[in-house]
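Inspection log for the structure reproduced underneath, given as structure tokens.
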């Protein structure tokens with residue numbers, strides 16, 4: 001870019017403006033601008049891909065954590081169901097025993 005500015009200053013050094021030389025310098029500026037634009041676009045694309053990959057990895061970790069939490073909940077739920085069934089069986093046995101004992105002379 002510095003070389004382009006140097007060439008532009010040479011064009012404007014007071015010897016008069018040569019349109020052909022000015023067109024050449026402007027073409028160089030345009031090429032430099034296009035190259036900078038392409039580099040910025042490529043960098044943006046790379047950052048976007050990296051961000052998308054990070055988001056997908058985070059989603060995978062979240063899915064794994066949620067799956068583990070659901071599995072733990074189901075385990076506790078199953079234990080609670082088993083405890084409830086055991087309690088109900090004990091109450092039925094107690095009720096049956098109590099009725100039998102109460103009915104004895």
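The values are calculated or read from the model by the stated rules, or taken from the named source; none is laboratory data. Quick caveat, the model's predicted, so the values are computed rather than measured. Cβ: placed from backbone, ideal geometry, glycine included. Neighbour counts: every protein chain shown.
Being surrounded by 10 or more Cβ atoms within 10 Å (Cβ to Cβ), at pLDDT 90 or above and in a helix (DSSP H, G or I) is true for just one of 96, 80, 86, 55. Which residue is that?
Details: 96 fails: at pLDDT 90 or above; 80 fails: at pLDDT 90 or above; 86 fails: at pLDDT 90 or above.
Going through 96, 80, 86, 55 in turn, just one is surrounded by 10 or more Cβ atoms within 10 Å (Cβ to Cβ), at pLDDT 90 or above and in a helix (DSSP H, G or I): 55.
Please work out if residue 8 is surrounded by 10 or more Cβ atoms within 10 Å (Cβ to Cβ) and modelled with pLDDT under 75. Before the answer, list the steps.
Values: surrounded by 10 or more Cβ atoms within 10 Å (Cβ to Cβ): yes; modelled with pLDDT under 75: yes.
So residue 8 fits the description; yes.
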